[in-house]
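Read-outs: derived from the displayed coordinates by stated rules, not from any lab. Source: prediction; values computed, not measured. As a convention, Cβ positions derive from the backbone with ideal geometry for all residues, glycine included, and neighbour counts pool all protein chains shown.
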Amino acid sequence: MSASRKGKTGQKPAPRPPGRPWWAWLTRPILQQTLAVGLILLSILTFLTLLRVTSGRWTDAWLHALQFLFGWGAVPVAFAIGWGGVLILQHHLDRPIIWRWRPVVGLELLFFGLLALTHLLLGRRDPWTLLQSGWGGGVIGWAIAHTLSLYLGSLVSGVLLAIFTLLGLGLAMDWTLADVRERLGRRGALPTPTRPRTTQPARPAARPAARSAPQAPSATAPAPAPAPAERAAPAVPSAPAHPAPVPPAALAWPAEPVLPPLDLLDEGEEIGLSDEEVRRKSRIIVETLAQFGLPVQVVEVRRGPAVTQFGIAPGFTERPGPDGQRRPHKVRVSQIAALADDLALALAAPSLRVEAPVPGRSVVGIEVPNDRVSRVSLRAVMESDAFAAVDSPLAIALGEDVAGTPIVADLSTMPHLLIAGTTGSGKSICIKAIATCLAMTNRPDQLRFVMIDPKMVELVRFNGLPHLLGHTEVELDRIGRVLRWVTHEMDERYRRFAAAGARHIDDYNEKAVRSDPSQQLPRIVVLIDELADLMMLAPEETERTICRIAQMARATGIHLVVATQRPSVDVVTGLIKANFPARISFATASQVDSRVILDMPGAETLLGKGDMLYLAADAGHPVRLQGCYVSEAEIQRVVDFWRQQLPRWVSEAPWESMMPAAGVPSALTSQEEDDLLQQAIALLRNRETISASYLQRRLRIAYPTAARLMERLEEMGLVGPPEAAGRPRRVIGGEG
């Protein structure tokens with residue numbers, strides 16, 4: 001490194017190696033690119049010679065050598081030569097090549113197996129004639145077939161080669177055993193596995209997979225009971241029909257419960273910026289800021305799945321002082337942050353986020369989107385050391401940060417999570433990844449789910465999971481009662497804690513093991529996929545119920561995960577925000593929405609498709625992550641795994657007793673609404689007009705209930721008929 005280069009970067013030059021090997025010149029890009037072009041031309045020339053389009057002494061000799069070695073395999077070999085040249089060029093065009101060992105090994109097994117089978121089946125009488133024809137298996141195929149036949153015999157050799165060929169085909173197509181079962185349509189007929197497959201990585205000892213003794217269902221987790229005929233769960237096309245429930249006495253928990261293996265989940269992919277692209281963008285950042293009179297240095301680069309963070313250190317500028325002499329002055333961080341739009345223009349980036357400064361580092365972070373976003377799989381984060389280090393049954397995998405480091409959180413310490421973002425930004429995928437992660441690490445007697453999905457298309461995929469209480473609730477008129485059941489369950493658990501002298505759920509379960517193990521309480525996670533629909537239906541009741549659960553439910557083991565696509569002040573109110581210190585914001589439409597969910601801007605610059613800002617409960621600044629992705633097929637595999645282990649585990653929704661009878665209007669038969677009617681009659685005194693919205697506000701009820709009360713008041717002759725849409729009705733009898 002020259003002296004000028006040292007002065008520009010402010011770093012010491014790296015020591016020059018003592019000597020370069022003689023083959024170092026082969027790594028030059030110009031030679032590798034020339035080699036790639038040569039391989040492509042050689043492949044084209046080989047195909048032209050095979051098709052007899054051209055001929056010559058050298059080309060014929062080259063073709064004869066290929067056919068002598070590989071026989072008919074000269075055709076795929078010629079194609080492989082050209083494809084190798086294309087891959088080398090692709091690598092030099094800053095498109096990193098992702099190698100996977102299974103397809104490569106599978107193609108080799110398939111290729112050499114077919115060559116040997118060709119000689120074994122066609123060249124048993126006269127192998128030399130087949131070799132000279134140029135369309136047999138070549139010398140390589142003859143050598144493999146002859147060696148195996150000499151020591152094993154023709155029949156055994158043929159069977160062995162056929163097995164290797166089929167194995168190579170499966171590896172080349174990247175098929176797994178589960179894929180083969182699905183394609184053959186024998187998934188349900190195959191025996192249920194009793195142990196996880198050997199490819200599952202070892203579970204950490206700090207997080208036991210299950211309790212030492214098998215547990216019976218507790219009183220809070222109801223035993224299987226026949227579901228009401230008039231209230232059937234929404235059908236999922238890909239899920240099998242629910243088995244018939246059995247009495248609690250016939251329900252037997254498996255002697256050795258097995259958690260799902262991690263190979264039920266798909267592997268991720270790693271795509272990032274190449275070294276050449278990193279150098280180019282670093283140079284653009286330095287030159288752009290220098291044009292505005294801000295000297296900086298790129299001191300670190302952190303490559304993530306969605307963005308690459310360039311850490312820059314501000315330099316010094318010379319300005320005249322009071323005495324007229326020029327003195328160095330440090331470049332202010334605010335000056336760099338103000339040029340975010342100019343940097344985005346120079347880098348041709350759709351959006352750019354400046355983190356000034358990066359928490360815990362003495363640099364300013366400029367986060368530039370990658371050309372291609374890597375998919376962060378749930379399996380990759382669950383296999384990480386960070387996930388194994390969290391000693392909690394409610395550990396959840398969130399994703400990877402801008403440096404590619406797995407980020408894991410503990411839901412029990414949050415203790416509730418609020419998620420917001422625009423449509424299609426990744427909220428539902430995040431909730432499904434959280435539910436799948438918890439179902440992979442907990443048994444149904446340890447954790448139960450209450451799922452609320454007003455959108456009717458996301459969480460219904462979990463119907464049939466033994467962890468799920470009842471089924472996913474999708475009807476708005478039932479969801480309010482579901483939340484009220486959660487509050488009743490919370491109060492009931494507090495009464496149990498007081499009777500047992502326990503402070504929280506872990507203390508209670510520890511005492512219950514010594515007295516009656518069947519009295520242990522499972523944790524409950526309530527997942528709500530869309531809060532805005534509930535707030536529009538009954539804002540006061542929904543806000544009051546959610547805030548009460550969020551304030552008091554932590555000690556009872558009940559946790560909320562709430563998502564909304566409209567982070568406005570009428571949905572995410574101040575009371576709700578105050579009780580949800582842990583928040584996740586995906587891409588928002590404006591800076592105002594970002595301030596509502598995070599109390600700071602930044603979410604409006606996110607890229608979408610899983611790009612998010614995670615604000616931990618004990619952190620002052622959010623962390624940018626690429627969220628975990630879980631597919632519908634992965635969810636179905638996890639649900640099927642548990643259903644195969646617990647085929648008779650069917651849980652009725654414990655809130656069914658709070659629902660009105662089917663076919664009878666609740667306003668005419670419910671004692672609760674009769675009491676509301678008496679309160680509405682009392683409100684008529686000293687009023688000349690009244691409306692359904694007035695009853696909704698004063699009685700804190702939903703609009704449909706208020707409208708039914710107005711109809712009953714009209715039938716009783718206490719209010720007049722509606723005069724116009726939205727106009728209050730005239731009160732006829734003030735004293736009722």
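Tell me, what HN-Hα J-couplings in whole Hz come from the Karplus equation 6.51 cos²θ - 1.76 cosθ + 1.60 at θ = phi - 60° for each residue of segment 357-366, using x for Gly and Pro?
Each residue's phi maps through the Karplus curve to give x, 6, x, x, 9, 8, 9, 9, x, 10 Hz.
Taking θ = phi - 60°, what integer Hz values does the Karplus form 6.51 cos²θ - 1.76 cosθ + 1.60 yield along segment 509-521, in sequence order, with x for Gly and Pro?
These are the phi-based 3J(HN,Hα) values: 5, 5, 6, 5, 5, 6, 9, 9, x, 6, 8, 5, 9 Hz.
What dipole magnitude, in Debye to the nearest 20, does segment 295-406 give about its Cα centre under +1 on Lys/Arg Cβ and -1 on Asp/Glu Cβ?
340
At a 10 Å Cβ-Cβ cut-off, how would you order V408, V562, fewest neighbours first?
V408, V562
Search the structure for amide H atoms under 5 Å from the amide H of I558, placed 1.01 Å from N in the peptide plane, and list their residues when 5 or more places away or on another chain.
I524
Would you please give the residues with an amide H less than 5 Å from that of V299, counting only those at least 5 places away or on a separate chain, with H modeled from the backbone geometry?
G311, I312, A313
What full-extension length gain, to one decimal in nm, is calculated for S154 and L122 as 0.36 nm per residue of separation minus the Cα-Cα distance?
Taking 0.36 nm per residue and subtracting the Cα distance, the gain is 10.3 nm.
Starting from the Cα of V592, step 7 Å along the direction of its Cβ; do the same at D60; then give the gap between the two resulting points in nm.
8.2
Which cross-chain or sequence-distant (5 or more) residues have an amide H under 5 Å from the amide H of C628, H modelled 1.01 Å from N in plane?
G399
Apply the a/c threshold of 1.5 to the C-alpha gyration tensor of segment 478-537 and tell me whether it is rounded, prolate or oblate.
prolate
Set the bar at 18 Å for Cα to Cα. Now go through K281/K609; K281/K330; K427/K609 and name every pair that lies beyond it.
Over 18 Å Cα-Cα: K281/K609; K281/K330.
About the Cα centre of segment 414-656, how large is the charge dipole given +1 on each Lys and Arg Cβ and -1 on each Asp and Glu Cβ? Please answer in debye to the nearest 20.
560
Is the shape of segment 414-656 best called rounded, prolate or oblate, per the rule: a/c under 1.5 gives rounded, else a/b larger than b/c gives prolate, else oblate, with a ≥ b ≥ c the square roots of the Cα gyration tensor eigenvalues?
The shape class here is prolate.
Need the list of aspartates and glutamates near K455 for cross-linking: C-alpha distance under 19 angstrom, and skip anything on the same chain fewer than eight residues off.
K455 reaches E473, E475, D477, D529, E530, D533, E632.
What are the ³J(HN,Hα) values, in whole Hz, obtained from phi via the Karplus relation 6.51 cos²θ - 1.76 cosθ + 1.60 with θ = phi - 60°, for each residue of segment 402-409 in sequence order, with x given for Gly and Pro?
5, 9, x, 8, x, 10, 10, 10
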